[in-house]
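Bear in mind that the values in this text are calculations on the coordinates, not laboratory data. From a predicted model like this one, the values you see are computed outputs, not experimental measurements. Here Cβ is always computed from backbone atoms with ideal geometry, including for glycine, and neighbour counts include all displayed protein chains.
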Amino acid sequence: MKTIALIDDDKSIREIISTYLRKLGYHCIAYEFPVDFTEDLKQQRYSFDLAITDINMPKVSGLELVAWLNRYYPSMRTLVLTAHASEEIESIAYQSGACLFLPKPLKLTQLHRSIRLLSQEGLSGEIFHVTLTDCLQTLACDSQVRVLKIQEDGQSHLLVALQHNQLQGILYKKGREQYQGMDGLEQLTCIGDA
């Protein structure tokens, strides 16, 4: 992943993030307004691998931009940033087609890790009506990084991350309760016992 579009109406955020990404070797094009970014896409001025967008912007919101990208440029990965994070906003971002959601303020190293994760991701998409065994077998496929997210009615219930076939993290939500790590794994294995 080499060419990144950064869309944020906050000049200081654009300057800080774009300077950081350029120092890391990325070609980062910063935009104040989504319309300027979409115009460059339509004119094919650049071939972007990733779009990083803020949510709260004048005229066109980042969520509207993500939905538009998901419709017209479905292979482009999107990372959403916001200073007004909530579970509802996060859910809407993912439903709109965002690949990752990060709340502001964030550490630049966290942003870099997220970009690296997106660049290592192999196949992505949605599958329906599968068993837990099918999902775990999918995780065992040969790939460096795998993230499995299971949703029901737009609510996240399970997130499992593996790297080089080693469990890196697990998050399991049950109603308003949330379990991480070994507690999440224990709750997950008890699903059928309820």
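Rounded if a/c is under 1.5, else prolate if a/b is larger than b/c, else oblate: which is the stretch 1-118, with a ≥ b ≥ c the root eigenvalues of its Cα gyration tensor?
rounded
Suppose the chain between Arg116 and Arg22 were pulled fully straight at 0.36 nm per residue; how much longer would it get relative to their current alpha carbon spacing?
32.4 nm
Based solely on C-alpha atoms, express the radius of gyration and the Dmax of the stretch 26-93 in angstrom.
Both quantities, over Cα of the stretch 26-93: 11.8, 36 Å.
Given Cα pairs under 8 Å that are at least 6 residues apart, what percent is the relative contact order of the stretch 4-65?
Here the relative contact order equals 42 percent.
Using R₀ = 35 Å, calculate the FRET efficiency as 1/(1 + (r/R₀)^6) where r is the Cβ-Cβ separation of Thr109 and Glu87; round to 0.05.
0.90
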